[in-house]
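Reading through the structure tokens given below for one structure.
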Amino acid sequence: MRCAPRGLGFVPFLLATWSSAAFLISYVVAVLAGHVDPFLPYISDTGTTPPESGIFGLMINFSAFLGAATMYTRYKIVQKQSQLGPRGTQLLNAVSLGLGLAGCVGMGIVANFQELAVPVVHDGGALLAFVCGVVYTLLQSVISYKSHPRWNSLSTCHTRMAISAVSCAAVVPMIACASLISITKLEWNPKEKDYVYHVVSAVCEWTVAFGFIFYFLTFIQDFQNVTLRISTEINGDL
């Protein structure tokens, strides 16, 4: 019995496992080093101080690359499927790809511009990543329903939409509460006035981040029937 995903199913699987490892390893190292509170730090808090900042930057950069590869592959799959289905799907597919790639750029900004060093750039990258990512999942969920029943089962469509809905519900209070925090810091005291905003925003941030991870896991089945071929052509005289 084969345990590894068939075809290109390993791409979203690798994205999900690698991203989960990036979050959790950075968190563990940051907590053990005493750089963040164990209870609900922001994801970015766990990648601000060395040595965890190096781990976080390296792993999130690769996650951004894997995310772009996954989204482009999904785009090509839907593009092929839409040739035999509704034409409106092609426009949604192209828009979702653009937003998804913008979100990957945002991830790269988050990875390379630390929270305390350049907070404006870091926060801008995080906003780009989360907002574009949530809209991407919504559009892909709509595409999934349009592809039912030929290409996607109803249970897959419902699962994707449920994850998208939870992510959408979480991203709004995440941004709202984060904007109400008056100071950027790594350690919080429950008695501080902005502590509640921090907790709510951090809970929502982790929810959205792992929402993305679970969403990409739903792509594995679609990718298993796809293979990658590389051809080489040499023009001119050798």
Can you give me the solvent accessible area of LYS146 with a 1.4 Å probe, rounded to the nearest 10 Å²?
90 Å²
Could you work out [θ]222 nm for the chain from helices alone, using -39500 (n - 2.57) per DSSP H run of at least four and dividing by all its residues? Round to the nearest 500 deg cm²/dmol.
-24000 deg cm²/dmol
Averaged per residue, what accessible area in Å² does the chain show with a 1.4 Å probe, protein chains only?
52 Å²
Accessible area, probe 1.4 Å, largest first, for residues GLU187, GLU115, GLU233
GLU233, GLU187, GLU115
With point charges of +1 on the Cβ of Lys and Arg and -1 on the Cβ of Asp and Glu, referenced to the Cα centre of the chain, which listed residue (VAL29, TYR136, MET107) lies farthest in the positive direction of the dipole?
TYR136
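Let me spell out the model: positive unit charges on the Cβ of Lys and Arg, negative unit charges on the Cβ of Asp and Glu, origin at the Cα centre of the chain. What dipole size does that give, in debye rounded to 20? Don't skip to the end; give the middle numbers.
Numbers: 13 positive and 12 negative charges, 231 e Å.
Dipole about the Cα centre, nearest 20: 1120 debye.
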Whole-Å distance, taken between Cα centres, linking the stretch 168-226 and the stretch 69-117:
20 Å
Per the 1.4 Å probe, what fraction of the accessible area of the stretch 1-85, in percent, lies on carbon and sulfur atoms?
73 percent
Which order do ARG150, ARG6 take when ranked by solvent-accessible area (1.4 Å probe, heavy atoms of all protein chains), largest first?
ARG150, ARG6
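The values are calculated or read from the model by the stated rules, or taken from the named source; none is laboratory data. Quick caveat, the model's predicted, so the values are computed rather than measured. Counting neighbours? That spans all protein chains shown, and the Cβs are built from the backbone with ideal geometry, glycine included. The accessibility values were calculated without ligands, DNA or RNA, using every heavy atom of the protein model including side chains. Shrake-Rupley method; radii C 1.70, N 1.55, O 1.52, S 1.80 Å.
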